[in-house]
Amino acid sequence: MTADRTVRVRRGIDTPAWGLQVGIRQLRYKDGVPAVLLGVRESGAQEPEAFLLGVGETAQVGEHVLAVREIAADHVVVESLGPRRPAEPEPPR
């Protein structure tokens, strides 16, 4: 993980990163393991999208793919995996 690809999001403070606003909406449990309800708003969007993610899980927001790398009591670490990759064309038959 490199510093320009990761961001620490503190509870109660939306954090700008990669042209997005990323915030913790709630810390929860999903299937008995820690999870975060992450709110992500693209530039120009009125409302954020919400994702319930555990460590290692990913979400796609517009062209961005984000992964949760760490969940703690007061913050989460989110990594940008870069823009989504376009679907590869099917090989000719």
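The values are calculated or read from the model by the stated rules, or taken from the named source; none is laboratory data. What you see is a predicted model; the values in this text were computed from it and never measured. Positions of Cβ are backbone-derived with ideal geometry, glycine not excepted, and every protein chain shown enters the neighbour counts. The protein model used for the area step is the full one, side chains on, heavy atoms only, and it has no ligands, DNA or RNA in it. Shrake-Rupley method; radii C 1.70, N 1.55, O 1.52, S 1.80 Å.
Quick notes on this one:
- Note on surface exposure: I71, I24 rank I71, I24 by accessible area, highest first, 1.4 Å probe.
- Karplus (6.51, -1.76, 1.60) ³J(HN,Hα), θ = phi - 60°, over the range 18-33, in Hz, Gly and Pro reported as x: 6, x, 10, 10, 10, x, 8, 8, 7, 9, 9, 10, 10, 6, x, 10
- Gyration tensor verdict on the range 14-66 (Cα atoms; rounded if a/c is under 1.5, prolate if a/b is larger than b/c, oblate otherwise): prolate
- Theoretical gain in end-to-end length, S43 to D31 [0.36 nm per residue, Cα-Cα removed]: 1.1 nm
- Listed values for the range 6-14 are Karplus-derived 3J(HN,Hα) couplings in whole Hz (6.51 cos²θ - 1.76 cosθ + 1.60, θ = phi - 60°), namely 10, 9, 9, 9, 8, 4, x, 10, 5, and x replaces Gly and Pro.
- Net charge dipole size for the chain [Lys, Arg +1 and Asp, Glu -1 on Cβ; Debye, nearest 20]: 180
- Taking amide H positions as modeled 1.01 Å from N, with prolines and chain starts lacking one, the residues under 5 Å from H75 and 5 or more places away or on another chain are R11.
- Computed accessible area, E49, all protein chains, 1.4 angstrom probe, square angstrom: 80
- Between R28 and A35, V36, L37, the built amide H atoms are under 5 Å apart, and every one of these is 5 or more places off in sequence or on another chain.
- Vicinal HN-Hα couplings computed from phi for the range 68-80 (Karplus, 6.51 cos²θ - 1.76 cosθ + 1.60; Hz; Gly/Pro x): 7, 9, 7, 10, 10, 5, 10, 7, 10, 10, 10, 10, 8
- The range 1-59: trypsin sites (Lys or Arg not before Pro) in DSSP loop, at most 15 other beta carbons within 10 Å: R11
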